[in-house]
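Since the structure comes first, as structure tokens, the remarks are kept for the end.
The values are calculated or read from the model by the stated rules, or taken from the named source; none is laboratory data. Quick caveat: nothing in here was measured; it's all calculated off a predicted structure. Here the Cβ is made from the backbone with ideal geometry for all residues, glycine too, and neighbour counts use every protein chain on show. Remember, those area values only see protein heavy atoms, side chains included, never the ligands or the DNA or RNA. Shrake-Rupley method; radii C 1.70, N 1.55, O 1.52, S 1.80 Å.
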Amino acid sequence: MSKPIIVVRNLNKTFPGPDNKIEISAVKDVNVEIFQGEVVVVRGPSGAGKSTFLRCLNGLENFDSGSVVIDNTPLDHHHKNRLEIRKEVGMVFQSFNLFPHMTVRKNISLAISRVRKKSKEECEITTLDLLEKVGITDKIDSYPSQLSGGQQQRVAIARALAMNPKIMLFDEATSALDPEMISEVLDVMKALAKEGMTMVVVTHEMGFAREAGTRLLFMDNGEIVEDREVRDFFENPIEDRSKAFLSKVL
């Protein structure tokens, strides 16, 4: 087997509790390896540490101890390493985080020109290609306020892909959408999975997990309770916490 593209060792992250007297452990001694092309779904109850774990993978959260290595680059205090990792790891959030004063064209092309140093012509070609991939080329000159939630999220995915990342992280990318808009975003994510994009996805969408996921990490109280193939997890959960969770959501 090839070397893992993500290696997490003994990862710990705490937050101050009420009145800063008690520390809350959001991520506890997490160890995991993720290989290129895997679609790893992260599930668990609210407050399990899923989003914090995801944000630790690209340095949006500074962890207390342990290590994260992305494609052989350690996520440490060196600014150069952090910049390199953020170029290679795209992230899509629950909120769309588009620049409201910029058109779709500018939202996508900005990072291509500033970070990847591409020419105006290259930016235009890449932007059009990405909008075609997510199915909204006709919205290239629209502003975010003129788009539906699903369209805005597809633009957010296109913007993350504009950096040509090796890994995509999705943090509840559909949870803020109306039900009729969820499928259009999930379809884009499924297409990325089929193309071989390495993905780590925090989601409550069980259909996506079953159809596109290759592995499932079940987290509870900051810990990875189970790390299984998706089918095995749904058909034969091992831990009592996993069984109790599935009994409530299935």
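A few remarks follow.
- Residues that are part of a loop (DSSP other than H, G, I, E, B) and on the phi < 0 side of the Ramachandran plot within region 41-55 comprise P45, S46, A48, listed in sequence order.
- Just one of the numbered conditions (1) over 17 Å from the mean Cα position of the chain (by Cα); (2) within 26 Å of I182 (Cα to Cα); (3) of a type outside the set (F, W, Y); (4) open to solvent by less than 20 Å² (accessible area, probe 1.4 Å) is not true of E235: (4).
- Conditions (1) in contact (Cβ under 8 Å) with a residue 40 or more places away in the chain; (2) surrounded by fewer than 22 Cβ atoms within 10 Å (Cβ to Cβ); (3) in contact with an Asp or Glu (Cβ under 6 Å, 6 or more places away or on another chain); number of the one not met by L217: (2)
- Enumeration of residues in region 67-86 that are open to solvent by less than 40 Å² (accessible area, probe 1.4 Å) and in contact (Cβ under 8 Å) with a residue 12 or more places away in the chain: V68, I70, T73, L75, I85
- Residues within region 101-152 that are touching a helix residue (DSSP H, G or I) at 6+ places or on another chain (Cβ under 7 Å), of a type in the set (S, T, Y), farther than 24 Å from I85 by Cα and not in a loop (DSSP other than H, G, I, E, B), tallied: 1
- Residue check for V89: of a type in the set (V, I, T), touching a Gly at 6+ places or on another chain (Cβ under 8 Å) and crowded, with 21+ Cβ neighbours inside 10 Å: no
- Identity of the residue in region 92-122, in contact with a strand residue (DSSP E or B) (Cβ under 7 Å, 6 or more places away or on another chain) and over 23 Å from D138 (Cβ atoms), that ends up most open to solvent (accessible area, probe 1.4 Å): Q94
- Subset of region 6-20 that is among the hydrophobic types (A, V, I, L, M, F, W, C) and in contact with a helix residue (DSSP H, G or I) (Cβ under 9 Å, 6 or more places away or on another chain) - its residue that is farthest from N72 (Cα to Cα): F15
- All conditions in (1) modelled with pLDDT under 95; (2) surrounded by 14 or more Cβ atoms within 10 Å (Cβ to Cβ); (3) out of contact with any Cys (no Cβ under 7 Å at 6 or more places or on another chain); (4) among the hydroxyl-bearing types (S, T, Y) hold for S142, with the sole exception of (1).
- Within region 157-201, the residues that satisfy the criterion of being surrounded by fewer than 20 Cβ atoms within 10 Å (Cβ to Cβ), more than 20 Å from I70 (Cβ to Cβ) and among the polar types (S, T, N, Q) are S175, S183.
- Those residues of region 1-25 which are of a type in the set (A, V, I, L, M, F, W, C) and either at pLDDT 95 or above or outside any strand (DSSP E or B) (or both), in sequence order: M1, I5, I6, V7, V8, L11, I22
- Total residues in region 85-100 satisfying the condition of being part of a loop (DSSP other than H, G, I, E, B) and over 20 Å from E205 (Cα atoms): the figure is 4.
- Residue pairs meeting the criteria (Cβ under 6 Å; at least 6 apart or on separate chains; first in contact (Cβ under 8 Å) with a residue 12 or more places away in the chain, in region 55-66; second part of a loop (DSSP other than H, G, I, E, B)): R55/E61; C56/F63; G59/L75
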